[in-house]
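Notes for the one structure printed next.
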Amino acid sequence: MSEQVIPYGSRILVEPLPDELVSHGGIVIPDQAAEPPVRGRVVGVGSQYKGELKSGELVTFHSAFGSTLEYDGKEYRLLHEQDILGVIEE
C-alpha cells in the first residue's frame, strides 16, 4: 500500500512550482534572489472542503501563507481556502 498525504478538514494541499522570474527588461532573476514560489498545483483537498478547487488546478498564493510540509522529497503547502489568491487558467 502506498502512502500519501491527505489534507485534514477543509485544508488544501498544494505543491509549489518554481517560477522563472523575468524583469521588465528581460533579465532572468534567479530563484535565490526572489521570494519563494507563489504558484502551485492543487494535489488534494480535505473531506470537509466545500469550495470549487479540484486536484490539478494551478493556483496562486502569498509566499507567507500556509504550513510547509516536506514529504517523500517534495515540498508541499497546506493552505486554507482564504489563503488562495486566485486560480490560473492554463
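The values are calculated or read from the model by the stated rules, or taken from the named source; none is laboratory data. Since we're looking at a predicted model, the values are computed, not measured. Here Cβ is always computed from backbone atoms with ideal geometry, including for glycine, and neighbour counts include all displayed protein chains.
Scanning segment 19-46 for residues that are surrounded by 10 or more Cβ atoms within 10 Å (Cβ to Cβ), assigned to a loop (DSSP other than H, G, I, E, B) and at pLDDT below 95 returns ASP19, ALA34, GLU35, PRO36, PRO37, VAL38.
On the stretch given as segment 57-84, residues that are among the aliphatic types (A, V, I, L, M) and either outside any strand (DSSP E or B) or surrounded by fewer than 12 Cβ atoms within 10 Å (Cβ to Cβ) (or both) total 1.
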